[in-house]
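Asker: Below: one structure in structure tokens.
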Ligand SMILES: C[S@@+](CC[C@H](N)C(=O)[O-])C[C@H]1O[C@@H](n2cnc3c(N)ncnc32)[C@H](O)[C@@H]1O
């Protein structure tokens, strides 16, 4: 799993997710040994490897073109049957 916009890791830590976050201070403060990556859409993940993507309350921070790129990348990252969770305000 990857948690995009993980902030302080409320979801990423218990899930053991890859932690994707714009703010490097948040990534540095995370407990746990998960992989830590930066801001989307610049994050690279091997194709077909993820069972789930969580992007909670972050999509509305992306510009339209960034959101289109990120959605395509998420599609590439997911394994067959993978799930996407996107609670969000209006993008
Ligand atoms: C409103 S908080 C949501 C935190 C948590 N996911 C939740 O639902 O409680 C949005 C988070 O997304 C991060 N963020 C904003 N733009 C981002 C981007 N392009 N890539 C990764 N994280 C981003 C912010 O730094 C912030 O930590």
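Asker: To the nearest 500 deg cm²/dmol, what mean residue ellipticity at 222 nm is calculated for the chain from DSSP H runs of n ≥ 4 alone, each contributing -39,500 (n - 2.57), summed and divided by the residues? Don't skip to the answer; put the middle values down first.
Answerer: Working: 3 runs with 24 residues, N = 91.
Mean residue ellipticity at 222 nm (helix-derived): -7000 deg cm²/dmol.
Asker: So how do 4, 13 line up by other beta-carbon neighbours within 10 Å, fewest first?
Answerer: The most exposed by this proxy come first: 13, 4.
Asker: Let me ask something else. Counting other beta carbons within 10 Å of each Cβ, put 22, 27 in order, fewest first.
Answerer: With the fewest neighbours first, 22, 27 line up as 22, 27.
Asker: If you split all Cα-Cα distances of segment 2-85 into 5 Å bins from zero, what percentages do you get per bin, shortest first?
Answerer: 3, 16, 28, 27, 18, 7, 1
Asker: Moving on to the next point. Please find the FRET efficiency linking residue 46 to residue 90, where r is the Cβ-Cβ separation and R0 is fixed at 22 Å, and quote it to the nearest 0.05.
Answerer: It comes out at approximately 0.10.
Asker: What's the extension gain from residue 22 to residue 63 if we count 0.36 nm per residue and subtract their Cα-Cα distance?
Answerer: Extending this stretch completely gives an extra 13.3 nm.
Coordinate-derived values only; no laboratory data. Since this is a predicted model, take the numbers as computed values, not measurements. Note: ideal-geometry Cβ built from the backbone for every residue, glycine included; neighbour counts use all protein chains shown.
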